[in-house]
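Accompanying notes for the structure given below.
The values are calculated or read from the model by the stated rules, or taken from the named source; none is laboratory data. Every value quoted in this text rests on a predicted model; they were computed, and no experiment measured them. Cβ: placed from backbone, ideal geometry, glycine included. Neighbour counts: every protein chain shown.
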Amino acid sequence: MMWSIIEKAAKENGLVTAFAIVGLVMLVSGVISRKLTFGRVQGSAIAILIGLGLAYVGGKMSGGSKGLADLALFSGVGLMGGNMLRDFSIVATAFEVHAEEAKRAGWIGAIALLLGTVLPFIVGVCVAWAFGYRDAVSMTTIGAGAITYIVGPVTGGAIGATSDVMALSIATGVIKAILVMVSTPVAAKFLRLKTPRSAMVFGGLAGTVSGVSAGLAATDRRLVPYGALVATFHTGLGCLLGPSLLFFIVKMFVSP
Amino acid sequence: MTIYGTALLAVCHLIGIITGDLFGRALGMETNVGGVGIAMLLLIIARIYLHKAGLLCATSECGVHYWGSIYIPVVVAMAMQQNMVAALRGGPAALIAAVGSVVLCGLFVSFINRMEPDTDVQKEGK
């Protein structure tokens, strides 16, 4: 009796339910981040991993292709994490970029940014090819996922990738972000992370804002804004180049 | 009013998506070409312009900041609806692609930062 009322409420207020569920996941991730990893792995990265885990459980339970969103109780997750709200909130982050500060990053930041977009993309495309993905759409989407876990799905959505390729693309980006977070403090000496300029180079090449900010925070707090400043452009540049120039280049190679 | 900021964001978003679609058409595809990136650029330009004109108050900005701050949760919701069952069938591709790009980029960071003049390092490294 009680359960059926709860179920009805959750179904009829799908988006509201999704806010509550995602908020809970973020909360749990924050606690895990602080207590278990001592802040070394950022809460947001753990939340995304939990999300992917729940998607796996949902997919197994429903047999569908939309993870948790295929379960009627959690259908609102589909709206909250759908293309519309995702693109809307990503565009909104551009508001935090200050053009004046951006100029300080200078040409070395721009070069690092470009390299940080192209190099992971090439690696991703090659790996995709090696694992048997031979169509331009899948190769581009997986390559874009190696840039960041945002660029992957945005690119995949724009060029019409299948959901399993999108998931693989996101997984690539998330693993990359986690690797950057964990390995930056360890590799700080090798990376020569000492000056604001070096942090900008790092921010441009390493990409993923969450990875860069968490990694730099654990290395030297003063370097965080410089790295993050360049890294915030990463997603925009990737979203701009991924479904356009990079896709065309891959297409050219695949079907001459 | 808060809605002004959100409306500004919405207009930039729509113009960006429409421009992206037009680009796509012009290039002979059915896909959206860089619509999100164009929308971001529009928002940055709109912000600079409106700031100079003094037309953007703090409350209006809240209407944009809220959505910017919600993007990680939205990405978490997006992660929840991915086809993970199929992705795991893809095997270690994700791991190899991630490790490969991190190592390659790390080498480039190290290389570029080694070219930085020592005087800068001494000056700013303190």
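Got at least one residue in the stretch A:199-209 being farther than 29 Å from A:Ser244 by Cα, in contact (Cβ under 8 Å) with a residue 60 or more places away in the chain, facing chain B (nearest Cβ under 10 Å) and more than 15 Å from the chain's Cα centre (by Cα)? Within the stretch A:199-209 (the criterion being farther than 29 Å from A:Ser244 by Cα, in contact (Cβ under 8 Å) with a residue 60 or more places away in the chain, facing chain B (nearest Cβ under 10 Å) and more than 15 Å from the chain's Cα centre (by Cα)), the answer is no, since none of the residues qualifies.
The selection criterion, being touching a residue at least 12 places away in the same chain (Cβ under 8 Å), more than 7 Å from every other protein chain (Cβ to nearest Cβ) and either surrounded by 17 or more Cβ atoms within 10 Å (Cβ to Cβ) or within 21 Å of B:Cys62 (Cβ to Cβ) (or both), does not hold for A:Gly67.
Among residues that are buried (at least 24 other Cβ atoms within 10 Å of the Cβ), out of contact with any His (no Cβ under 6 Å at 6 or more places or on another chain) and within 7 Å of chain B (Cβ to nearest Cβ), A:Pro243 is included.
Of all residues assigned to the stretch A:114-122, none qualifies as being of a type in the set (Val, Ile, Thr), under 18 Å from the mean Cα position of the chain (by Cα) and under 22 Å from A:Ala55 (Cα atoms).
When you scan the stretch A:95-107, do you find a residue that is assigned to a helix (DSSP H, G or I) and modelled with pLDDT of 85 or more, even just one? The answer is no, given that none of the residues of the stretch A:95-107 is assigned to a helix (DSSP H, G or I) and modelled with pLDDT of 85 or more. Of the helices (runs of 4 or more DSSP H) lying entirely inside the stretch A:170-256, those carrying at least 3 residues that are of a type in the set (S, T, N, Q) are A:209-219. Considering only residues in the stretch A:178-197 that are at the interface with chain B (Cβ under 7 Å from one of its Cβ atoms) and among the hydrophobic types (A, V, I, L, M, F, W, C), the one that is surrounded by the fewest Cβ atoms within 10 Å (Cβ to Cβ) turns out to be A:Phe190.
Residues are listed down the side, and each one gets a yes or a no for (1) surrounded by fewer than 18 Cβ atoms within 10 Å (Cβ to Cβ); (2) part of a helix (DSSP H, G or I); (3) at pLDDT 85 or above; (4) facing chain A (nearest Cβ under 7 Å):
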| site | (1), (2), (3), (4) |
| --- | --- |
| B:Gly28 | yes, no, no, no |
| B:Val36 | no, yes, no, yes |
| B:Leu43 | no, yes, yes, yes |
| B:Ile48 | yes, yes, yes, yes |
| B:His51 | yes, yes, yes, no |
| B:Glu61 | no, yes, yes, no |
| B:Val64 | no, yes, yes, yes |
| B:Trp67 | no, yes, yes, yes |
| B:Ile96 | no, yes, yes, yes |
